[in-house]
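The values are calculated or read from the model by the stated rules, or taken from the named source; none is laboratory data. Predicted model, so just to flag it, every value in this text is computed and none were measured. All Cβ positions, even for glycine, are placed from backbone atoms using ideal geometry, and neighbour counts span all protein chains on display.
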Amino acid sequence: MAIGVASVLAITQPTTLRGVVLAIGTGAIGAVISDIDVGSSGSRKGADKVIALTGLAIILIFFADHFLNTGIWNRMVQKQGIPEILIGLLLFVGTCIFGMEQPHRTFMHSLLALLMLEIALNIMLPSAVIYFGIGFLSHIVTDFFNYKKVRVFYPLKQGICFKMFHACGIANSIFLGVGILVSIYEIFSLIILKRL
């Protein structure tokens, strides 16, 4: 999640408070949603953690929307409408449910899953699509460094892995630290230095 948020902020450089909230929130969701399939490789704790982090990000987006008056919900309802939001939500959740049942680093780590999730998000909140996509892709790219292949072109059987790090090794701590530092720097520079 830290790498996803850092990537989104560094690449998109949002210029409004609304953009910062959307970038952080949907970038965070994009960065963790791929691992909703970890329950298929053993413990359901991993999937439960992803669901909890996703729920927390959604709550924080709406909390920030309410208390910072960013107008995210109002704009979403006015531009898309409740029926479209429900259709997008059903497509998003349906994609995740399908992905939860697939082996780890297959469907939910693929460009096909990204496309389906981005279509769903585009129906609900088009302005968040770029943030979500960057967060999602940052997760996939960091997983390339692991020993287990990432089937980015699912349903093809071939995958990509650089066999440099183990998923729970020291590299995770380094990525986490770098992601947090870059995120803090980006948030500081966007909010404090640019006075959003």
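Within the stretch 42-53, residues that are on the phi < 0 side of the Ramachandran plot and surrounded by 17 or more Cβ atoms within 10 Å (Cβ to Cβ) sit with their Cβ atoms under 8 Å from residues that are outside any helix (DSSP H, G or I) and at pLDDT 75 or above, at 6+ positions apart or across chains, in these pairs: LEU53/MET1. Looking only at residues that are crowded, with 20+ Cβ neighbours inside 10 Å and not polar (S, T, N, Q) in the stretch 138-153, which one is farthest from GLY179 (Cα to Cα)? Taking the candidates together, the pick is ARG151. Within the stretch 88-124, the residues that satisfy the criterion of being touching a helix residue (DSSP H, G or I) at 6+ places or on another chain (Cβ under 6 Å) and of a type in the set (Val, Ile, Thr) are THR95, ILE123.
Checking each residue in the stretch 154-168 for being over 20 Å from ILE33 (Cβ atoms) and either touching a residue at least 12 places away in the same chain (Cβ under 8 Å) or surrounded by 12 or more Cβ atoms within 10 Å (Cβ to Cβ) (or both) picks out CYS161, PHE162, LYS163, MET164, PHE165, HIS166.
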